[in-house]
Amino acid sequence: MLRSPGFLRNVALTLLSAGAIAFAGIAQAEDDPLRVGMSGGYFPFTFVEQDTLKGFEVDVMEAVADEMGTEVAFETANFSGLFGMLESGRIDTIANQITITDERQAKYVFTEPYVYDGAQVVVKKGNDTTSGVEDLKGKSVAVNLGSNYEQLLRELPYADEIDIRTYESNIEQDTALGRVDAFVMDRVSASQVIKEKPLPLELAGKPFSEIRNALPFRDTEEGRELRDRVDQALATLREDGTLTDISERWFGTDITRP
């Protein structure tokens, strides 16, 4: 059964400085809140509307905390700083469409995936020069700083012919204004941006890489123990249909299963 979206919400909309004191060595007690980092700027997964943090990731993590019998405390920061916050122990995990990659698996432990998606090229509406990833040669392409999409583009055989630009935000607006030729994000988010925001954008071709999103934790004894507790909660929510309900409410389809 779907948990009510506002249940056990404890939102801390605080941009943390890089000089904060680290608490990585302190184990989390079972009654401590689950500290979740997210950008608050990746619609519709995590975004701020009328000073309230909302999105698919917010609802999922509230349901996870509910299932675990604890509270959740959200911390927002630029996406590029979230992994530093995780490593320093200022947060326990990141819920911001975190894709499992070999590089990340070498540093962190992950839950089982709870989102299945694909990397998507998006262009300004009417752009007939870019019909997919194969047409990105000689083009300027924006990606969010710290995301895995830059790496996906650099793995293309013609990557040296693409002008890859990293942004903290506004990749949709700059593409719509013609400041860059295209941007890359996951297909689900791109489809929702086109549907919900008044921007002249359109999908270009099909997804060019399958991505699986999961929750990362520090690779320590405490981190692995917390990962296992969260993983069990996710498994229960998957089995009882809660994840499906949350996904269908936000996207009209189930993105939580392959």
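The values are calculated or read from the model by the stated rules, or taken from the named source; none is laboratory data. None of these values were measured; they are calculated from a predicted model. Quick reminder, even Gly has a Cβ in these numbers, built from the backbone with ideal geometry, and neighbours come from all protein chains shown.
Structure values in brief
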| item | result |
| --- | --- |
| Filtered residue count, segment 215-230, keeping only those that are outside any helix (DSSP H, G or I) and crowded, with 22+ Cβ neighbours inside 10 Å | 3 |
| Subset tally (residues that are within 25 Å of ILE171 (Cβ to Cβ) and either of a type in the set (A, V, I, L, M, F, W, C) or surrounded by 20 or more Cβ atoms within 10 Å (Cβ to Cβ) (or both)) for segment 94-107 | 7 |
| Selected residue (only one of GLY146, GLY81 is outside the structural domain of VAL188 (by TED's automatic domain parsing), over 22 Å from SER247 (Cβ atoms), of a type in the set (Gly, Ala, Ser) and surrounded by 16 or more Cβ atoms within 10 Å (Cβ to Cβ)) | GLY81 |
| Residue in segment 127-138 that is touching a Phe, Trp or Tyr at 6+ places or on another chain (Cβ under 9 Å) and within 15 Å of GLN97 (Cβ to Cβ) present | no |
| Every pair of residues 6+ apart whose Cβ atoms lie under 6 Å, when the first sits in segment 30-56 and is modelled with pLDDT under 95 while the second is surrounded by fewer than 16 Cβ atoms within 10 Å (Cβ to Cβ) and in a loop (DSSP other than H, G, I, E, B) | GLY41/SER169 |
| Qualifying residue in segment 167-180 (condition: in contact with a strand residue (DSSP E or B) (Cβ under 8 Å, 6 or more places away or on another chain), buried (at least 17 other Cβ atoms within 10 Å of the Cβ), among the polar types (S, T, N, Q) and touching a residue at least 12 places away in the same chain (Cβ under 8 Å)) | yes |
| Unmet requirement for LYS197, which otherwise passes all of (1) in contact with a Phe, Trp or Tyr (Cβ under 8 Å, 6 or more places away or on another chain); (2) buried (at least 16 other Cβ atoms within 10 Å of the Cβ) | (2) |
| Selection count, segment 181-205, where residues are of a type in the set (Lys, Arg) and in contact with a strand residue (DSSP E or B) (Cβ under 7 Å, 6 or more places away or on another chain) | 1 |
| All positions within segment 85-98 that are within 16 Å of ASN148 (Cα to Cα) and modelled with pLDDT of 95 or more | ILE94, ALA95, ASN96, ILE98 |
| Candidate set from segment 187-211 (those that are among the hydrophobic types (A, V, I, L, M, F, W, C) and not in a helix (DSSP H, G or I)); member that is farthest from GLU49 (Cα to Cα) | PHE208 |
| Positions within segment 166-184 being among the hydroxyl-bearing types (Ser, Thr, Tyr) and more than 20 Å from GLY81 (Cα to Cα), in sequence order | THR175 |
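Conditions tested, residue by residue: (1) among the acidic types (Asp, Glu); (2) over 20 Å from GLY118 (Cβ atoms); (3) out of contact with any Asp or Glu (no Cβ under 7 Å at 6 or more places or on another chain).
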| position | (1), (2), (3) |
| --- | --- |
| GLY178 | no, yes, yes |
| ARG212 | no, no, yes |
| LEU226 | no, yes, no |
| VAL230 | no, yes, yes |
